[in-house]
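A short write-up of the structure that comes next.
The values are calculated or read from the model by the stated rules, or taken from the named source; none is laboratory data. Just so we're clear, the structure is a prediction, and the values are computed from it rather than from any experiment. Cβ coordinates were reconstructed from backbone atoms using ideal geometry, including for glycine residues, and neighbour counts include every protein chain displayed.
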Amino acid sequence: MVHVTLTFLRHTDLVEPLSLDEAYLDVTENKTGLATATKVASTIRQQIREELNLTASAGVAPNKFLAKIASDWRKPNGLFVIQPAEVEDFLTPLPVGRIPGVGKVTEEKLAKLGLRLVGELRARSLEELETRFGRYGQRLYELARGIDENPVIPNRPTQSISVEDTFEQDVLLAETEPMIRRLAEKAWTASRKESRIARTVVLKVKTAEFHVLTRSQTPLSPPASCEELTRIALSLRDRVSLNPRQRFRLVGVGLGNFQNPGVHTEPSLFP
C-alpha cells in the first residue's frame, strides 16, 4: 500500500518491503527524533489509524528475525516489543517451527533429534548442526540464539508480491473463499505496477497453532487476469489436506518468480 509506505518514510529511509502491507524498518536513527523504536512504532500505528482508518500490527526487536516474530505476536492489531535482554527467555519455549526456513520436513528432522523447542535447539553445538543440516545448520545455530545480521535493504528489486489477512477469529478452510478472492484482487492490482511478470502463484495459510503451510503453482503461462489468479489460488486451497475441523488464523495470496517480459522458462513439473 503506497500510503502506508509514505507513512514509513516519514520516519526512516531504511524501509524494506516484505509484502504489500508489511515491511522492515531500521529506525536506529529516525527522522522524527523519537527516543526509542517503540515510540516510533506506536506513532506509525497511530498515524495509520488516524489518516488511513486502518489497523496495523508492529513488532519491535533488535533484528529482522525477531521483529518478524514480534509483529505476528499481536496480529491483527497490536504492538509487541522484544528487548535485547529478553531475547533468550522469549525464544526458549517457542516451537522450532517458528524459525524462518524450518518447514515441515526440517521440523520433522529436528523432532527425530528430540528438538521441538528453540531452547532445545540452542543446546546443540554448531558442529553437530552443520553436520546434520549443512550450511543451514549455521543459520539454525544463530537464530536459536536470536542472532540475525541481515540488514534492512531499501529499494530491493521485487522478488514477490503477497497480501495476507489475519482474522479476528480463527476460521475453517472452507470459509476462506471470500478472503482469498479479496486478497487475489489486491495482489493482482499491485502486480500491474511492476514492469516484470510473475509466473508463480502462492497460497499461504497459518493454522490456529501457528503452523504455516504454503502451496504454489507455476502454470504454463503467467496468470493473465485477476480471475485466473483467483482460480489458481482457490485450486491451491484444495491441496491443503488437513482435518476439515482445523481452524486457521491467516491466509495469504502471493505472486512470485518475477521475470522480464519475453523471458521463457520451462514450467514446473511439480506445481
(request) Residue by residue through region 58-67, note down the ones that are touching a residue at least 60 places away in the same chain (Cβ under 8 Å) and either within 15 Å of T5 (Cα to Cα) or assigned to a loop (DSSP other than H, G, I, E, B) (or both). (result) P62, N63
(message) Among the listed residues R231, R239, identify the single one that is at pLDDT 90 or above, farther than 26 Å from S71 by Cα and outside any helix (DSSP H, G or I).
(response) R239
(message) Anything in region 109-132 that is among the charged types (D, E, K, R) and either in a helix (DSSP H, G or I) or surrounded by fewer than 14 Cβ atoms within 10 Å (Cβ to Cβ) (or both)? List them, or say none.
(response) K109, K112, E120, R122, E127, E128, E130, R132
(request) Would you be able to tell me the number of residues in region 70-97 that are assigned to a loop (DSSP other than H, G, I, E, B) and touching a helix residue (DSSP H, G or I) at 6+ places or on another chain (Cβ under 7 Å)? (result) 4
(message) For the condition surrounded by fewer than 16 Cβ atoms within 10 Å (Cβ to Cβ), under 19 Å from the mean Cα position of the chain (by Cα) and not aromatic (F, W, Y), what is the one hit in T36, T55, T106, T92?
(response) T55
